[in-house]
Amino acid sequence: MKIVKDGFLVLMISIVGLLLSIYALRFSKLYIILAFIFFVFFLFSLYFFRDPKRDYSFADYEIASPADGTVLSIKKESSDDVVVMRIFLSIFNVHLQRSPISGTVKNTKFTYGKFHVAYKPEAKDNQRNIIEIDGGNGRWANVEQITGAIARRIACYVKPSDNVKTGQKIGMIYFGSQVALYLPKDVEIKVKIGDKVEAGKTVVALWKKK
């Protein structure tokens, strides 16, 4: 399995820390504790920054999940014309975000905010980045990357005018977070609260035929 490029620095830090701790054992056996901590951190980083192969194909009318995790809520929030699906990502989920539809990136906007626990309602006010995607013919989807209480970094892989395909990697959040998917109100939702979903694999909604 591949490792996300964003994890290379973290892996290098854990490896250097482990090697230095092992070297320090010649001076004191107490460094075995530090060596163990760096070893565990290295293994966790390998697991956290994994990039599983996702090359699923989707029909034109299917909307894919933008994140791995658990569906927290599905409801209209700030507008009656928009339905919002919120997905909680634990530290054990793959933290890459993928495009839910094919289209063109209209805009990306980063907003500084707070660091509430990602599964709490207050997390909507956390530090976040929103990616607006225009699918054409009245179709659109916005993916909001939201940090949690531990997460402190959001990586966005796309910029305005980029063309994206359904399931394409568009970003990553570090360590426990939430992803919100904004869709037109008339889509047909195919998942429910509590469902486990996977980015670029699970179909979460369908465009209704006109």
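The values are calculated or read from the model by the stated rules, or taken from the named source; none is laboratory data. Because the structure is predicted, anything quoted here is derived from the model rather than measured. Note that we place each Cβ from the backbone using ideal geometry, even for glycine, and neighbour counts take in every protein chain shown.
Annotations
- Residues located in the stretch 60-74, provided they are at negative phi and either surrounded by fewer than 24 Cβ atoms within 10 Å (Cβ to Cβ) or not aliphatic (A, V, I, L, M) (or both): D60, Y61, E62, S65, P66, D68, T70, V71, L72, S73, I74
- When the stretch 1-43 is filtered for residues that are without any contact (Cβ under 8 Å) to a residue 60 or more places away in the chain, within 20 Å of the chain's Cα centre (by Cα) and not in a strand (DSSP E or B), the ones remaining, listed by number, are M1, K5, G7, F8, L9, V10, L11.
- Of T147, T166, all but one fail to be hydroxyl-bearing (S, T, Y) and either at pLDDT below 95 or under 28 Å from K114 (Cβ atoms) (or both); the exception is T147.
- The residue that is surrounded by the most Cβ atoms within 10 Å (Cβ to Cβ), among those in the stretch 184-210 that are under 21 Å from K120 (Cα atoms) and either hydrophobic (A, V, I, L, M, F, W, C) or in the same structural domain as Y47 (by TED's automatic domain parsing) (or both), is V197.
- For the stretch 93-150, a residue qualifies if it is closer than 17 Å to M172 by Cα and in contact with a helix residue (DSSP H, G or I) (Cβ under 8 Å, 6 or more places away or on another chain), and the qualifying residues are H95, I146, G148.
- Matching residues, the stretch 23-59, being surrounded by 15 or more Cβ atoms within 10 Å (Cβ to Cβ), within 14 Å of V4 (Cα to Cα) and touching a strand residue (DSSP E or B) at 6+ places or on another chain (Cβ under 8 Å): L46, F49, R50, D51, R54
- Selection from the stretch 77-99 of residues that are crowded, with 22+ Cβ neighbours inside 10 Å and closer than 20 Å to F44 by Cα: F88, L89, V94, H95, L96, Q97
- Those strands (runs of 3 or more DSSP E) of the stretch 157-210 in which 1 or more residues are polar (S, T, N, Q) and more than 15 Å from D51 (Cα to Cα) occupy 177-184.
- Condition met for L30 (outside the structural domain of W140 (by TED's automatic domain parsing), within 30 Å of Y119 (Cβ to Cβ) and either modelled with pLDDT under 90 or of a type in the set (G, A, S) (or both)): no
- Yes/no for G167 being among the small types (G, A, S) and closer than 23 Å to S79 by Cβ: no
- Check on L96, outside the structural domain of I154 (by TED's automatic domain parsing) and touching a residue at least 40 places away in the same chain (Cβ under 8 Å): no
- Test for A59: is it without any contact (Cβ under 8 Å) to a residue 40 or more places away in the chain, part of a loop (DSSP other than H, G, I, E, B) and within 27 Å of K165 (Cα to Cα): yes
- Here G148, G167, G136 are screened, and the one residue that is within 17 Å of the chain's Cα centre (by Cα), of a type outside the set (S, T, N, Q) and on the phi > 0 side of the Ramachandran plot is G167.
- Applying the set (1) closer than 20 Å to V164 by Cβ; (2) in contact (Cβ under 8 Å) with a residue 12 or more places away in the chain to T111 leaves exactly one unmet item: (1).
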